[in-house]
Amino acid sequence: MSLNAYLILSTILFVIGMMGVIRRKNLLMLFFSTEIMLNAVNIGLAAISKFHGDLTGQMFAFFIIAIAASEVAIGLGLLILWYKRTGSIDLDVLQKMKG
Amino acid sequence: MFEIVAFYLFSVLTIVMFSITVFTNNSLYALSSLAAGMIFISAFFFLLDADFLGAVQIVVYTGAVMALYAFGMMFFDSLSIVKEKIKNPRLVFLLTGVVALIIVIIFVSPIIGANIEAQYPVTPTWGNSRDVGIVLFTKYLIPFEVAAVMLLVAMIGGIILAGKKMEVSYSEMTEKEIDDFEIQTRENAAAKKDEK
């Protein structure tokens, strides 16, 4: 398989994730979509790492995984707090300042 | 031959799984299909000779992140179907496509165009884990330490954020006490709302 095949796959997954981010109104589903986008980028980085014989891509993928893990921990904590306060995790309910 | 078959098989599987995640209205389906997609993605890492990354993908994503989501979903009414108002679905699709295409062109064109020299080349005789270990603990030691501190901060933050108002333990109360407690909290919340 060539580098382009992996990059195209990475693009398709990224578009799916982005579609989720734009389409979804439920915050938990929005989180899932961001995970998909992060994973898509990881595939691209690993592919470039292999086809250029360079380990930097893999290193970046590791740090992206670490960032994703901490993002989930903090984000889910905030989400639980918000749900306890309002009883809903819908984005439309979340906006408090209505202009 | 094996690589081509594996690539197409797993790409179809991942795309289907992630599409289910994005388009379903049931949050439990979304969670389980996302977990499956994460495992299928690790197959690409194994195909790309990044064995350690594949193992980390399975352990961290499906083991830690998905478990965290599963625990987090216990706080939400996850069994009900997610209701969402969606305006202008066609516009959303168009915008998504255009934006993604632009992003891809921006990031991919210099990589395909220029010949990049390997800064930290792969040593095939060492094997992937050893290679990764040596580069991670020499060239990327400071980012590694910073990531460790960041994970610690995130862990403490998560505990503090999610652990608020958890001083009451339901497992140590009888059924009647739990009912009384819930009625009381509901009344308190209603009173607070009236004050506002």
**Study point:** Volume per residue of the C-alpha convex hull in the protein assembly as shown, rounded to whole Å³
**Key:** 173
Exercise for review: Determine how large the accessible area of B:M173 is when every protein chain is in place; take a 1.4 Å probe and give Å² rounded to the nearest 10.
Suggested key: 50
**Study point:** Per-residue SASA entry for B:W126, accessible area with 1.4 Å probe, Å² rounded to 10
**Key:** 100
Review point. So for A:R24, A:R85, B:R90, what's the accessible-area order with a 1.4 Å probe, most first?
Key: B:R90, A:R85, A:R24
Study note, to complete from the structure: For chain A, the Cα-Cα pair-distance distribution in 10 Å bins from 0, as whole percents, is 15, 35, 28, 15, 6, 0
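Which whole number gives the average, over all residues in B:16-24, of C-beta atoms from other chains lying within 10 Å of the residue C-beta? Please report the intermediate quantities before stating the final value.
Values: counts 0, 2, 13, 6, 0, 9, 12, 5, 1.
Counting Cβ atoms of other protein chains within 10 Å of each residue's Cβ and averaging gives 5.
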Check your understanding: Each residue of the stretch B:179-184 in order: what ³J(HN,Hα) in whole Hz does its phi give by Karplus 6.51 cos²θ - 1.76 cosθ + 1.60, θ = phi - 60°, with x for Gly and Pro?
Key -> 4, 4, 5, 5, 4, 5
**Study point:** Heavy atoms of B:M155: accessible area, 1.4 Å probe, square angstrom to 10
**Key:** 110
Revision key, fill the gap. Sorted list, accessible surface of protein heavy atoms, 1.4 Å probe, largest first, for B:F7, B:F93 is B:F93, B:F7
**Study point:** Contour minus Cα-Cα distance for B:A189 and B:L28 (0.36 nm per residue)
**Key:** 55.1 nm
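Once fully extended, how much extra length lies between A:S88 and A:E71, figured as 0.36 nm per residue of separation less the alpha-carbon to alpha-carbon distance?
4.1 nm
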Check your understanding: Where in chain A are the DSSP H helices whose alpha-carbon span along the long axis reaches 15 Å or more and whose Kyte-Doolittle mean is at least 1.6?
Key -> A:3-23
Practice item. Give, as ranges by residue number, the residues of the stretch B:40-77 whose backbone N falls under 11 Å from the point 7 Å along Cα→Cβ of B:A6. Key: B:43-51
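The values are calculated or read from the model by the stated rules, or taken from the named source; none is laboratory data. Note that the coordinates shown come from a computational prediction; the quantities given were computed from them, not determined experimentally. Methodologically, a virtual Cβ is constructed for each residue, glycine included, from the backbone with ideal geometry; neighbour enumeration extends over all protein chains shown. Surface areas here come from the heavy atoms of the whole protein model, side chains and all, with no ligands, DNA or RNA. Shrake-Rupley method; radii C 1.70, N 1.55, O 1.52, S 1.80 Å.
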